[in-house]
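Data block below; observations after.
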Amino acid sequence: MGASIEGRGRRQGKRRRNRPMAEINVTPFVDVVMVLLIIFMVAAPMLTVGVPVELPRTAAGALPAESEEPLTVTLTADGRLLIQTSETAPADLLPQLRAVAAERTSRKVFLRADGAIPYERVVQVMGALNAGGFSDIGLVTDSDGPSFGG
């Protein structure tokens, strides 16, 4: 009899140890969330597309956002002309603008020009934008510029 009681006690102990746990282990979940957070923090600055341009500084506020991403034309300090991120020759600017205007519903375009570019060149590109079908031209600048007493 002693052996059977001892054997029964062992079996009951095993059953208790093999029971499923009733609590959730959140440590792996927190680890995964932290890794994803770090990935997004590193990747987010790389998502901004643009060409490095030293924009002039003004005290003007930002324009309201629209549903369609506006077209961006950039004049760099070395004289290159870019539509979004693709470089274009000055002679091809007007035909490309007309083709883009035919596909878009918005007539808004942002002009980014380096501060070292002569004003005459900026106005020439603005004229080409207007002739290409874009009537709402926004000049992109950096804030923190002089407010001229305002």
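Derivation of every value follows stated rules applied to the coordinates shown; laboratory data play no part. All of these numbers come straight from a predicted model, not from anything done at the bench. Neighbour counts are summed over all protein chains in view; Cβ atoms, including those assigned to glycine, are modelled from backbone coordinates with ideal geometry.
Quick look at the values:
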item	result
Members of the stretch 96-124 found to be among the basic types (K, R) and assigned to a helix (DSSP H, G or I), listed by number	R98, R121
Number of positions in the stretch 85-117 that are among the polar types (S, T, N, Q) and closer than 16 Å to A131 by Cα	2
Residue selected from the stretch 115-127 under the condition surrounded by fewer than 17 Cβ atoms within 10 Å (Cβ to Cβ), hydrophobic (A, V, I, L, M, F, W, C) and touching a residue at least 12 places away in the same chain (Cβ under 8 Å), by the criterion farthest from D92 (Cα to Cα)	A116
So F134, is it more than 22 Å from the chain's Cα centre (by Cα) and more than 22 Å from E69 (Cβ to Cβ)	no
